[in-house]
Every structure is written in structure tokens, then in C-alpha cells.
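Structure, as C-alpha cells:
The values are calculated or read from the model by the stated rules, or taken from the named source; none is laboratory data. Note that this is a predicted model, so its numbers are computed, not measured. Don't worry about glycine lacking a Cβ; one is built from the backbone with ideal geometry, like all the others, and counts go over all protein chains shown. The area values use the complete protein model at the heavy-atom level, side chains included, leaving out ligands, DNA and RNA. Shrake-Rupley method; radii C 1.70, N 1.55, O 1.52, S 1.80 Å.
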Amino acid sequence: MGNKVKSIGLIGLGMVAGVAVSLQFSAIAQKVTGSPLPLEELRQLSDVFGLIKTDYVENVDDKKLLTEAISGMVASLDPHSVYLDKKAFREMRETVAGKFVGIGVEVGMEDGYIKVVSPIEDSPAFKAGVKTGDLITRIDGTPIKGMSLDESVKKMRGEPHSKVTVTISRKDEDKPIVLTISREEIRVQSVKAKMIEPGYAWLRISQFQEPTVEDMARKITALYAQDPHIKGLVLDLRNDPGGVVPGAIGVSAAFLPKDAVIVSTNGQLLDSKQTFYGRSEFYSARPKNDPLAKLPAALKDVPMVVLVNAGSASASEIVAGALQDYKRATIMGTQTFGKGSVQTLRQLTADTAVKLTTARYYTPHNRSIQARGIVPDLMVDETADGDGLNSLRVREADLQKHLNNDKDPEGDGAAKKALSAQRDELEEGQGAVALAKKAKPVEFGSKDDFQLAQAINHFKGLPVKLSKVEAAPAAGGEVGEIKSDSKSEAKPAAKPAVKSETKPKASEKKPALKQPGTLPITQ
């Protein structure tokens, strides 16, 4: 592993060497990579660098040119490989760790403004009096109308103890409210849970982070303390963009038999050719202190529905795929994003890194969901009136340079055609699309959550209203209503096949998530 990291470092130096046309380094790099460097192309790179320095209209910083060259080289590979500069690397580490510096609000967009979904408890925003439903219209005096959500969020983040001024529009208030709030480190709660009604629980994972498995275990324990006789559990993965692989393994392991295969990966590196099992060494930073060890035994058999949509990607698709393969849960909702690849953070300096696609992943039954997604067992739209803009979302198959599906390379074209036909059908009704754009986003877990209501109906054996639009490529249930028998569909007909060995093989003793300087992520 160490040699491989060195190789990556030397290849990075090869860019500089190419600019300098160093034959000495060329010999070293050739020895490391096993093949000669493309000297002609490296000379061209050097020539272009020189032309920019001498002929461009104004002076350009050397460091900027080289950084952009590295960034372009990595970005040319696929949509998910990226060079992370100091700022981007810091933000990535904050996301993975589940904490960031900001004011502490969960937000969405409404009418071009930021809508506060919820202030995080005890955060600076919470203490300053920010409320659910508030619209943030200005940040430090700058109007945010027309600004993207990402841009707006970045403006609210910053250094610890620095201040930001937000202007808020609130219902029942005649004048805007101006608040100056001090930024602090915020710990993101990626797991939410509550009892929807007696006997039926809702567990939502918004992103897979380092603390997710421990947070989930605490939430599940609290649910069973509230109601020891849970009859149905909804695992909500809608709009979950993914995150760290260990989080996905741990969440899957909580509901599957011990030592069940959760996911396998394959790539060029030996460390990328692995099988991950439902064992603490694969999902816990402290394997001897397994966060799942004390979960109620009933959790392994409780009937389950997993809610997914086009925003469910990567690590959330690992969980949905594993539970679907073992027939442990009924997957409900709309077809997922289709990101079947794993990225690894390779740190270059103390402040920079490359997020590089290092493997494809496969479900326990060796399915690849790359550019396809998970097709739900029950296709259910976001609302009773249709799927809104969910079906118009960009998916993996829409992205340029996306990896092909190595299990069925020719299926990519079929998937794209099916998605295109589906969207054409939706866009024919322009009035419906315009109406969907004006519709308020669904608050997951609320009384107005149509898909959640259908999941509860499924548990109770009541009619479930299915989607009128088939999955792409053609799959999914019949149109209209069906009557569900949760007992027969939520549990497998036979005990899922689980490999019997309890000791990891030599190649499994040090899974990728344990290697120093690397961290597998799927977002």
C-alpha cells in the first residue's frame, strides 16, 4: 500500500518534471509505473506552459497554472474524480467528519431564497432565534435571489467566531429581521428518528458520515425504548447523496444476519479488490467497541420498507442494494441515481488531496448499479399527483464521462433512452412541469409525506398507490393500486445465504477503510 501511495506521489511530481523535462525523473517514473512516460506530450505541456507565461495578455501565477493543470487532468477521468485545493479539502473533511463551521441551519430553496428547514438545536442560529420556515433573503447585505444553494451555504460558512449578518423574512412579521450571528463549529446530525404512529417507526439517514453508525444505533435504541413492539420500520434514504463506505456497511449490518456480505469492490489496486462483511472491523473505527452490539434482537426481523428516490446515490444505494438482494426489506419510491463507484481520498500535502475513483462496487448478488440505479420493488411517486421534478433530475447516466456498467456495457444506451423517453413524456405536459416547479418541497417524515404514508399502508396490508411511470430501463410494478401483504413481502422466503467463515482472509484483514492516508467515500 505504501509503495502505491509513493507511486501516486511520483506521478504527481511527473507533472512538474514534465514542465522541466527532467530526464532523471523520467527514468524514476518509468521504473515506478512500469511503462515509459509520454515524453512528447509532456514536452507539449511544457511548451504550452511557456507560451502562457510569455504570450498571455497578463501575467499568470506559476502555482495557479500548475494547480489548474492537475485539476483538469483529474477532472478529465470521470464526474466524481476531483483535485481538492486547500478550501475544498477542508470542506470535504468537514463533511466526512459530520461537522463544519457555520451558523447551524438545515436549509432548502424556495422561490429563489433559502428556506430554513430547521435550526440545529443549540447552534448559534437556534440561540439567535432563527425559526423553521424563515426565508433568508440577504447574507451580509448581499441579495441571494438567483444564487445557487451551494453558493449561499458557502457564504454562511467561515472561520470560527467570525460573524455573518442574515436578513430574514418571516410570516406574520411586517419588517425583515436582521440578525448578526457568530459562526461556530456545528456537528451535523445525519440520523433522525421518530414513531410515526404506535407500532411504526421512521428512521432517516440524510448522509453517511463517520458518526452515522453510532448515531443510528442510539436512535434505534431510543425507538425501542419508546415502543418495544415495533411492527414496521421505514428506513428513509431519499435525497441521501452517499458518503463514507463504512457508514453504509454498518447501517446494512444492523438489519442483516451477522457476517453477511454487504458489498464488494473491484479496481486496479489490490486493496480495491475486496469483499466487505457485516463485521465491526469493516464499519467501526473501534472494532472492539461495536456500536451495533447492543441493538435489540428484534431489529433483525422487523418488517422494513426502504424509501429511495432519484437523489438517493452511492452509499445509500449500497444499503438499498444489500437489503434488496437479501429480500430483507421492500424498496419503495423511485429509481435511484445510479452511482456504482467508490472514490478514495489521497492526501497530497497537508492541505490538498485528490478524490480519485478507485473501484466499482457490487451488491451481494454481484449486481452493478452503475448508471442504472436501484429499481424499487414498489414504484411510488413523491406525491399523489405524480413525481414532480424528481423524474427530471440529472442521474449518473446523464453525466459526461460517467463509467460504464461493466456487467452490461450495452445497457447504458438502453437506460439513457428509457430515461429520455420518460422525461419527454413528462415534459409534454408543460403545465404539469410548471406546476411541479411551483410546488413546495416535501418535508420528509411529515404528515404530508405521501411516500411515507404508502409505506405505512404497505405494513398494514392496505392499498398502495403505485407510479404511472415505469422505471428505466422498463421495470417496476403495475400501474394503479395494489394490496400489500407486509408479512409476506418484508421478510425473505428463506434465510439469506451468508458465508460461514468468521475470520477474514489475508486480503481482508486490512480493508481499505483502515489504510493510513486513505478514506473510501462514495459521495
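Select from the stretch 220-240 the residues that are open to solvent by 10 Å² or more (accessible area, probe 1.4 Å) and under 16 Å from VAL306 (Cβ atoms) and write down the one among them that is farthest from the chain's Cα centre (by Cα).
ILE230
Given the criteria over 26 Å from LYS115 (Cβ atoms), at pLDDT 95 or above, open to solvent by 10 Å² or more (accessible area, probe 1.4 Å) and under 26 Å from the mean Cα position of the chain (by Cα), does ARG204 qualify?
no
Considering each residue of the stretch 148-166, count those that are without any contact (Cβ under 8 Å) to a residue 24 or more places away in the chain and open to solvent by 80 Å² or more (accessible area, probe 1.4 Å), and give that number. Show your work before the answer.
Taking the stretch 148-166 first, the residues without any contact (Cβ under 8 Å) to a residue 24 or more places away in the chain are 148, 150-151, 154-155, 161-163.
Restricting the remaining residues to those that are open to solvent by 80 Å² or more (accessible area, probe 1.4 Å) gives 150-151, 154-155, 161, 163.
Residues meeting the conditions: 6.
Can you name every residue in the stretch 172-201 that is over 18 Å from the mean Cα position of the chain (by Cα), β-branched (Val, Ile, Thr) and more than 22 Å from GLN454 (Cα to Cα)?
Matches in the stretch 172-201: ILE177, VAL178, THR180, ILE181, ILE186.
I want to confirm something. Restricting to the stretch 76-90 and keeping residues that are open to solvent by 50 Å² or more (accessible area, probe 1.4 Å) and assigned to a loop (DSSP other than H, G, I, E, B), which single residue is nearest to LYS63 (Cα to Cα)?
The extreme case among them is ASP85.
I want to confirm something. Restricting to the stretch 207-238 and keeping residues that are of a type in the set (Lys, Arg) and over 30 Å from PRO160 (Cβ atoms), which single residue is modelled with the lowest pLDDT?
The selected residue is ARG238.
Here are some residues: ALA75, ALA128, ALA88. Which one is farther than 20 Å from GLN343 by Cβ and small (Gly, Ala, Ser)?
ALA128
How do the pairs read when you match residues in the stretch 201-218 that are farther than 15 Å from TYR283 by Cα and free of Cβ contacts under 8 Å to residues at least 60 places away in the same chain with residues anywhere that are in a helix (DSSP H, G or I) and not small (Gly, Ala, Ser), using Cβ under 6 Å and keeping only pairs 6 or more apart or on different chains?
Partner pairs satisfying both residue conditions: ALA201/LEU223.
Looking at (1) of a type in the set (Lys, Arg); (2) touching a helix residue (DSSP H, G or I) at 6+ places or on another chain (Cβ under 8 Å); (3) under 30 Å from VAL74 (Cβ atoms), which is the one condition that is false for ARG360?
(2)
May I ask you to list pairs of residues, at least six apart or on different chains, whose Cβ atoms are under 9 Å apart, with the first in the stretch 351-363 being in contact (Cβ under 8 Å) with a residue 60 or more places away in the chain and within 18 Å of ASN404 (Cβ to Cβ) and the second being open to solvent by less than 20 Å² (accessible area, probe 1.4 Å) and of a type in the set (Asp, Glu)?
THR357/ASP78; TYR361/GLU317; THR363/GLU317; THR363/ASP325
Inspect the stretch 59-77 for any residue being modelled with pLDDT of 85 or more and under 30 Å from LYS171 (Cα atoms) and give the result as yes or no.
Taking the stretch 59-77 and keeping what is modelled with pLDDT of 85 or more, we get 59-77.
Imposing the further condition that a residue be under 30 Å from LYS171 (Cα atoms) reduces the set to none.
For the stretch 59-77, residues modelled with pLDDT of 85 or more and under 30 Å from LYS171 (Cα atoms): absent.
Of the numbered conditions (1) open to solvent by 30 Å² or more (accessible area, probe 1.4 Å); (2) basic (Lys, Arg); (3) more than 25 Å from HIS365 (Cβ to Cβ), ARG183 fails exactly one; give the number of that condition.
That leaves (1) as the condition not met.
Which residues, taken from the stretch 340-383, are in a strand (DSSP E or B), farther than 19 Å from VAL244 by Cβ and not β-branched (Val, Ile, Thr)?
Of the stretch 340-383, the ones in a strand (DSSP E or B) are 341-347, 353-362, 378-379, 383.
Subsequent filtering for residues that are farther than 19 Å from VAL244 by Cβ retains 378-379, 383.
Across the stretch 340-383, the qualifying residues are LEU378, MET379.
Taking the criterion of being in a strand (DSSP E or B), modelled with pLDDT of 95 or more and closer than 24 Å to ASN366 by Cα, would at least one residue in the stretch 239-262 satisfy it?
Yes, the conditions are met somewhere in the stretch 239-262.
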